[in-house]
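This report refers to the structure that appears directly beneath it.
The values are calculated or read from the model by the stated rules, or taken from the named source; none is laboratory data. Every value quoted in this text rests on a predicted model; they were computed, and no experiment measured them. Every residue, glycine as well, gets a Cβ built from its backbone with ideal geometry; the counts of neighbours run over all protein chains shown. For the accessible areas, the whole protein counts, side chains as well, though only heavy atoms, and no ligand, DNA or RNA atoms are used. Shrake-Rupley method; radii C 1.70, N 1.55, O 1.52, S 1.80 Å.
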Amino acid sequence: MAINTFAEKALKFLSVLDEVYVNQAKTADLDSAALAQNFVGTNKIKFPKISVDGAGDYDRDAGYAQGGVSVSYEEHTLKYDRGRKFRIDVIDNDETAFDLFRQVALQYVRTREIPEIDAVRFMEIYAAAKRSGSLGTIVEKDLTSSDKPLSLFDAAEKALNEREVPEEGRVLYCTNDFYSMLKNTDAISRRIDVTVNNGDINRRVELLDGITPIIKVPQVRFYSEIKLLDGTTEGETGGGYEAVAGTKDINFIYASKAVLQGVVKRNVSKIVTPEQNQSADAYDVFYRAHHDLIVRDNDTAAIYIHTKATAHA
């Protein structure tokens, strides 16, 4: 059946917004497919908690010691419930109105929602490393030109190795400044290949030690703490987020992706058509995104964070 109405097109367009998020969010690779399939209602998920006994002695007569396995499910309410109402004036017809909505929604997701989700997730990773009883590491140091980036990375790698964090599946999120230090360090012996076809010189550093991908993060998404603006009160009507006093810029995060469980669910909760709208000759589209990043207490050992020592005033 053909999709003709504005409402039908708007709902179908969510899949396009999902794809934009996957391609442009720095932390999209942290999304857990398993969590995404375990929603309980609109903003709750459930995940298993598993406990097993350790090994026991084998007895030739009695055989194996009986072990206990406990599996329970815990519900978690997603911490972040964010959204906006988009008003699309009727210009000519549904097609024109939808095209305008498409442009507005794409700009909102690209320039507002994605940076905010990334910033929230990095804040949550920092909070997990700092929480009481955490085994995560936070190092504070203002970087200078004399710092050796590979030595800083080696310290992070050693910390995770000592905690027996699997090497496979680790990731390095870093600022463009730190990446530039890595790319230009004299400690890396390199061979520059000049492509015969067009003369391009490739100086990109995409992996460290062959297994750790490097993901460059704009500093404006890379804070130890942010404040989410409510979009309604004075001074916050523009929405979004901002760094708060005491916030420290993050230089890099080195962690196991497996312990950083992200989940996001976007939806159009309501569409008011011009015929129904009592306040304007326009479509009102109510857009929401529920999301969170979960780090369990016993997984914090797999997080190493390097921040600036100087905090925001």
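Structure data summary
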quantity	calculated
Residue in region 218-229 that is open to solvent by 30 Å² or more (accessible area, probe 1.4 Å), modelled with pLDDT of 95 or more and farther than 21 Å from Ala311 by Cα present	no
Pairs where the first residue, in region 105-122, is touching a residue at least 24 places away in the same chain (Cβ under 8 Å) and the second is surrounded by fewer than 16 Cβ atoms within 10 Å (Cβ to Cβ) and not in a helix (DSSP H, G or I), C-beta under 9 Å, 6+ apart	Pro115/Pro218; Asp118/Pro218; Val120/Lys79
Matching entry among Thr27, Thr77, Thr5 (being free of Cβ contacts under 8 Å to residues at least 40 places away in the same chain and polar (S, T, N, Q))	Thr77
Residue tally, condition farther than 16 Å from Glu19 by Cβ and open to solvent by 50 Å² or more (accessible area, probe 1.4 Å), over region 105-117	2
Among the residues listed as Asp53, Asp57, Asp18, the single one being among the acidic types (Asp, Glu), closer than 30 Å to Gly169 by Cβ and over 24 Å from the mean Cα position of the chain (by Cα)	Asp53
Residue in region 289-296 that is modelled with pLDDT under 95, more than 18 Å from the chain's Cα centre (by Cα) and at negative phi present	no
Where Thr144 falls short, out of the listed (1) touching a residue at least 24 places away in the same chain (Cβ under 8 Å); (2) farther than 18 Å from Ala243 by Cβ	(1)
Filter pass, Ala311 being within 22 Å of Tyr80 (Cα to Cα), surrounded by 14 or more Cβ atoms within 10 Å (Cβ to Cβ), of a type in the set (A, V, I, L, M, F, W, C) and in contact (Cβ under 8 Å) with a residue 60 or more places away in the chain	no
Which listed residue is under 28 Å from Ile303 (Cβ atoms) and at pLDDT 85 or above, from Gly83, Gly136	Gly136
Qualifying positions in region 238-277 - in contact with a Gly (Cβ under 6 Å, 6 or more places away or on another chain) and over 23 Å from Tyr173 (Cα atoms)	Gly239
Any hit, region 222-239, residues being under 30 Å from Glu8 (Cβ atoms), hydrophobic (A, V, I, L, M, F, W, C) and touching a strand residue (DSSP E or B) at 6+ places or on another chain (Cβ under 8 Å)	no
Residues located in region 136-166, provided they are part of a loop (DSSP other than H, G, I, E, B) and loosely packed, with under 14 Cβ neighbours inside 10 Å	Lys141, Asp142, Thr144, Ser145, Ser146, Lys148, Glu164, Pro166
Test for Asp209: is it acidic (Asp, Glu), over 30 Å from Glu19 (Cα atoms) and either touching a residue at least 12 places away in the same chain (Cβ under 8 Å) or open to solvent by 30 Å² or more (accessible area, probe 1.4 Å) (or both)	yes
Yes/no for Lys265 being of a type in the set (Lys, Arg) and either within 14 Å of Phe122 (Cα to Cα) or assigned to a loop (DSSP other than H, G, I, E, B) (or both)	no
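Conditions (1) loosely packed, with under 15 Cβ neighbours inside 10 Å; (2) in a loop (DSSP other than H, G, I, E, B); (3) in contact with a helix residue (DSSP H, G or I) (Cβ under 8 Å, 6 or more places away or on another chain), marked per residue:
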site	(1), (2), (3)
Lys270	yes, no, no
Pro274	no, yes, no
Val285	no, no, yes
Asp292	no, no, yes
